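Input: a single structure, listed below in structure tokens.
Every number in this text was worked out from the coordinates using simple rules, so none of it is lab data. Computed from a predicted structure; not experimentally measured. Heads up, the Cβs are rebuilt from the backbone with ideal geometry, glycines too, and the neighbour counts pull from every protein chain shown.
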Amino acid sequence: MASLRAKIIEYCKDNSVTDVDFTKDVLMQNNSDGNGDFIAQWNIDGLAQPNDSTLNSFDTKGNTLESLETVQSNRGMSYPAIKEQLDLLYKDMLADKGDKTGDWFAAVKKVKDDNPKG
């Protein structure tokens, strides 16, 4: 089951709200009573706060979003540091390998292959 956060993001996207700030637009709360997270405040003008039934209809899209976020996070941790990537690019350019035969491309392709989007 997708998190409440992911379902809210997908509900908002479906209603043309592309950026949700969870520090001011939507405040979630968990009372540690076993009922999980819930919307404590809804501050998105022009978009009604969704009920549980509406949010549950975004479970599949929310799962897809969470999977993508996991892939992006894993890729981010796996890529060589930017300074190392720039050095690889520089060396590839010097060796006339500014294409798919260069070391930079191989390094980035490996990360993407090891962490497919699905």
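Over the chain, DSSP H runs of length four or greater, each weighted -39,500 (n - 2.57), average out per residue to a 222 nm ellipticity of -16000 deg cm²/dmol. Exposed loop positions in the chain were taken to be trypsin sites (Lys or Arg not before Pro) whose DSSP state is not H, G, I, E or B and which have at most 16 other beta-carbon atoms within 10 angstrom. Between these positions, the longest stretch is 25-99.
Taking a straight Cα-Cα cut-off under 15 Å and skipping sequence neighbours fewer than 8 places away in the same chain, the aspartates and glutamates within cross-link reach of LYS13 are ASP21, ASP25, ASP45, ASP59, GLU66. On the beta carbon distance between ASP96 and GLN72, with R0 = 30 Å, the FRET formula returns roughly 0.40. Across the chain, the relative contact order, built from alpha-carbon pairs under 8 Å that are at least six residues apart, equals 25 percent.
Taking the Cα centre of the chain as origin and assigning +1 to Lys and Arg Cβ atoms and -1 to Asp and Glu Cβ atoms, the resulting dipole is close to 380 debye.
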